[in-house]
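Reviewing the structure listed below.
The values are calculated or read from the model by the stated rules, or taken from the named source; none is laboratory data. These numbers were taken from a predicted model, which means no experiment stands behind them. Neighbour counts are summed over all protein chains in view; Cβ atoms, including those assigned to glycine, are modelled from backbone coordinates with ideal geometry. All accessible areas refer to the heavy atoms of the entire protein, side chains included, with ligands and DNA or RNA removed. Shrake-Rupley method; radii C 1.70, N 1.55, O 1.52, S 1.80 Å.
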Amino acid sequence: MLKRRFAQHLLIGSGILQKLVELAKIQPGEIVVEIGPGTGNLTKKLLNTPLKKLYLIEIDSEMIEHLKKIIKDERVVFINADATKFDFSFLKEKNLKLIGNLPYNVASLIIENTVMHKDLIPYAFYMVQREVAERLISENSWLSIFVKTFYEIEYLMSIPARFFIPPPKVISAFIKLKNKNFKEISDLKDYKNFLTKLFFQKRKMLKHKIDKAFLKEANIPEEKRVEELELKDFLSLYFSFRRLK
Ligand code: SAH
């Protein structure tokens with residue numbers, strides 16, 4: 001039984017699943033985490049790679065029970081948990097490669113949680129709504145800046161709705177996040193807080209939202225709006241904010 005509340009749209013089609021796994025370029029010995037394995041279609045393809053360990057994080061306990069019955073592989077660890085809140089340090093591993101056909105209703109939260117654990121996650125490969133992928137890559141939002149500060153985002157391919165059961169209303173996209181190893185910001189909650197405040201009422205000119213001293217220090221014209229800034233401006237502004245505060 002598929003559950004709408006968990007946004008269960010299963011990927012079908014051996015060819016497409018194989019393609020996604022190839023794009024993730026799993027190397028011998030790698031530790032992989034699959035988010036939302038569902039009925040295990042992608043999981044089975046992942047197990048054909050030379051990965052060392054595969055953690056499955058799935059919120060639906062019925063799905064977990066089903067998976068335990070059909071997947072018998074010593075490399076697999078089943079975890080019944082919510083990936084939007086999951087603490088990846090709990091796995092006691094480093095260098096995790098994340099992959100998943102994400103539940104679209106909480107895809108942004110899962111991406112945010114991925115970034116929160118960036119020190120453990122060099123790569124993530126996610127299926128999301130195409131619109132979400134495009135907005136992350138080319139529009140300014142607190143989340144897109146938050147992700148792009150720490151990861152390069154690459155659009156790998158589009159996937160039509162007919163490859164899913166039931167078909168979602170939208171076209172999907174498979175994206176890659178590659179860690180930039182940017183170490184200058186360590187308090188990610190503070191940085192998120194700064195960005196979400198900055199993006200509140202985003203049509204307003206910056207001079208009406210923040211003290212001009214910060215803008216001056218960061219070399220940003222007062223009349224600009226948050227939508228017009230580039231990644232480097234957000235960083236300068238954040239650093240001047242931290243310094244002058
Ligand atoms: N990977 C499978 C299923 C994808 S559908 C396939 O491609 O066939 C999304 C999956 O994520 C479902 O199994 C759903 O139960 C699970 N899910 C939904 N919300 C979740 C959450 N917060 N944390 C972990 N898994 C979740």
### Tally of residues being away from the ligand (no atom under 16 Å from the Cβ) and part of a helix (DSSP H, G or I) across region 51-97
1
### Boolean, D187 is out of contact with any Ser or Thr (no Cβ under 7 Å at 6 or more places or on another chain) and either of a type in the set (S, T, N, Q) or free of Cβ contacts under 8 Å to residues at least 12 places away in the same chain (or both)
yes
### Task
Report, by residue number, each residue of region 193-227 that is in contact (Cβ under 8 Å) with a residue 40 or more places away in the chain and surrounded by fewer than 13 Cβ atoms within 10 Å (Cβ to Cβ).
E227
### Query
Among L109, L11, which is the only one that is out of contact with any helix residue (DSSP H, G or I) (no Cβ under 8 Å at 6 or more places or on another chain), near the ligand (Cβ under 9 Å from one of its atoms) and aliphatic (A, V, I, L, M)?
L109
### Query
Within region 161-184, how many residues turn out to be open to solvent by less than 60 Å² (accessible area, probe 1.4 Å) and either touching a residue at least 12 places away in the same chain (Cβ under 8 Å) or in contact with a Leu (Cβ under 6 Å, 6 or more places away or on another chain) (or both)?
13
